[in-house]
Amino acid sequence: MWRKAYKIQWAVEGNFLCVKARWEGETFFLPPFGPEQGLTEVLEKMLDHAEEQKFPFILQGVEKYMVEWLEKIKPGYFQYRTERDNFDYIYLSKDLIQLKGRKFHTKKNHINSFRKKYSNYQYVPLTVDMADQCIAFMTEWCNERGCVKGDSIDCERKAIIEAMNNFTALGFQGAAIFIGDKMVSFTFGEVINDDTVVIHVEKGLLEYKGVYGVINQEFCAHNWQHIEYINREEDMGIEGLRKAKESYHPVKMLEKYIVTIK
């Protein structure tokens, strides 16, 4: 969904998917997707490619297991820097559904306030037929935030349009909140393994206070009761987003590293 914003290029090499991206003038790789066996050869080809194309070798979004693999292949060759802004927030689904205990007291108050004020709201599963409504919603959402063509908010809007236009092919599940005929929030995500769901998008209009809490709780309750963990992705270093994600009390943070050559 971010392929255009990040100018994604990809290649399949043996059992690996290799992805190259470019953002704000910097070219980098994502960690090669594949097994440990065969990584040595693929890594050498990536290093050669960076040298041939004359850009510094950088791996972004590298998880701990990949750090360990890289050290086994080339001990002491790379340097690793934690990328806090890119750490994923992981929660227990039961926490997001039940909101039990004093630590969620404020969340419950916001949700109850929304439900009281908008008692006629409707929770609707997202379908591909609603793509046009989601796209129109994103225009309004962008305008609320002073979106400028080509900025990060505009790039996010375009990524969501890309996702909605390929919703079925990507295997996403989603939901929306309506007040009357007006869509005021929507979200979507996908199952990524036996015990974890990742939520890619959650958007709401500023006018409807508490709508984020409502769609988060309802989406988890309707779709993900059977899943243990919910990954709500990173905060990108945005102070308000970090505060919001921390307020849901993650059970763990998935660390990410930037890898460069020493």
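We did not get these values from a lab; they are worked out from the coordinates using the rules stated. Everything numeric here is computed off the predicted structure, so don't read it as measured data. A quick note on method: Cβ atoms are made from the backbone with ideal geometry, for glycine too, and the neighbour counts reach across all protein chains shown.
Tell me yes or no: at least one residue of segment 172-179 is more than 20 Å from A244 (Cα to Cα) and β-branched (V, I, T). Checking segment 172-179: at least one residue is more than 20 Å from A244 (Cα to Cα) and β-branched (V, I, T).
One residue alone among C147, C134 is touching a helix residue (DSSP H, G or I) at 6+ places or on another chain (Cβ under 7 Å), crowded, with 16+ Cβ neighbours inside 10 Å and in a loop (DSSP other than H, G, I, E, B), and that residue is C147.
Select from segment 88-105 the residues that are of a type in the set (D, E, K, R) and farther than 16 Å from K252 by Cα and write down the one among them that is surrounded by the most Cβ atoms within 10 Å (Cβ to Cβ). The selected residue is K103. Whether any residue in segment 211-233 is surrounded by 14 or more Cβ atoms within 10 Å (Cβ to Cβ) and under 30 Å from Y77 (Cα atoms) is what I want to check. So far as segment 211-233 goes, yes, one or more of its residues are surrounded by 14 or more Cβ atoms within 10 Å (Cβ to Cβ) and under 30 Å from Y77 (Cα atoms). Among residues of segment 135-161 that are more than 15 Å from Y6 (Cβ to Cβ), those with a beta-carbon under 7 Å from a residue that is of a type in the set (D, E) at least six positions away or on a different chain give the pairs C142/D154; C147/D154; V148/D154.
Does Q79 fit the bill of being surrounded by fewer than 18 Cβ atoms within 10 Å (Cβ to Cβ), polar (S, T, N, Q) and in a strand (DSSP E or B)? It would help to see each step written out before you state the result.
Working: surrounded by fewer than 18 Cβ atoms within 10 Å (Cβ to Cβ): yes; polar (S, T, N, Q): yes; in a strand (DSSP E or B): yes.
For Q79, the condition - surrounded by fewer than 18 Cβ atoms within 10 Å (Cβ to Cβ), polar (S, T, N, Q) and in a strand (DSSP E or B) - is met.
Restricting the first member to segment 111-134 and to residues that are closer than 19 Å to I97 by Cβ, and the second to residues that are hydroxyl-bearing (S, T, Y) and in a strand (DSSP E or B), the beta-carbon pairs closer than 8 Å and six or more apart or on different chains are L126/T187. Apart from one condition, M183 fits all of (1) within 20 Å of the chain's Cα centre (by Cα); (2) closer than 29 Å to N109 by Cβ; (3) not in a loop (DSSP other than H, G, I, E, B); the exception is (1).
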